[in-house]
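Note sheet for the following structure.
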Amino acid sequence: MTAKNFSTTPTIALFLIISATGIFLLIHAGSPNLKAIHEWLGLVFVVCGLLHAFANWKLMKRYLGGMKGAAIGLMLISAVTYSLVAAPSDQAGNPIRSVIIPVMKAPLSTIAILYGQQTDTLVDF
């Protein structure tokens, strides 16, 4: 067996598993352990992906040359920069949720003030 056989199959399998667990995390489905599984298998995926790249180095160099490699590099730099600099540093979660949920739980009289309306007019909706 070659290095390609040992790196390609796990890379494909992990890609599929991480894609599925990522979707489950996005829609908030699955077990409480799903996030840990997704993160740990993500690290294993990185190792297998690097092994796959080294095993197919000649093809990788040819494929990533030119505009394809530049586009991939630009996307990688943008994602890492956003993750480290522009993304919120707190662990509060989705900032939209942190605004919407308190508004949804607020009494109707408070919501009326936000919209500049009388409480009676909002009851009709």
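Things to note:
- Any chance LEU25 is surrounded by 14 or more Cβ atoms within 10 Å (Cβ to Cβ), touching a Phe, Trp or Tyr at 6+ places or on another chain (Cβ under 6 Å) and in contact (Cβ under 8 Å) with a residue 12 or more places away in the chain: no
- Single condition TYR63 does not satisfy, out of (1) touching a Gly at 6+ places or on another chain (Cβ under 9 Å); (2) touching a residue at least 24 places away in the same chain (Cβ under 8 Å); (3) open to solvent by 60 Å² or more (accessible area, probe 1.4 Å): (2)
- Taking helices (runs of 4 or more DSSP H) as the structural unit, those lying wholly within the stretch 1-83 and holding at least 3 residues that are among the small types (Gly, Ala, Ser) correspond to 3-26, 34-55, 67-81.
The values are calculated or read from the model by the stated rules, or taken from the named source; none is laboratory data. Quick caveat: nothing in here was measured; it's all calculated off a predicted structure. For neighbour counting, all protein chains shown are included, and Cβ atoms are generated from backbone atoms with ideal geometry for every residue, glycine included. For the accessible areas, the whole protein counts, side chains as well, though only heavy atoms, and no ligand, DNA or RNA atoms are used. Shrake-Rupley method; radii C 1.70, N 1.55, O 1.52, S 1.80 Å.
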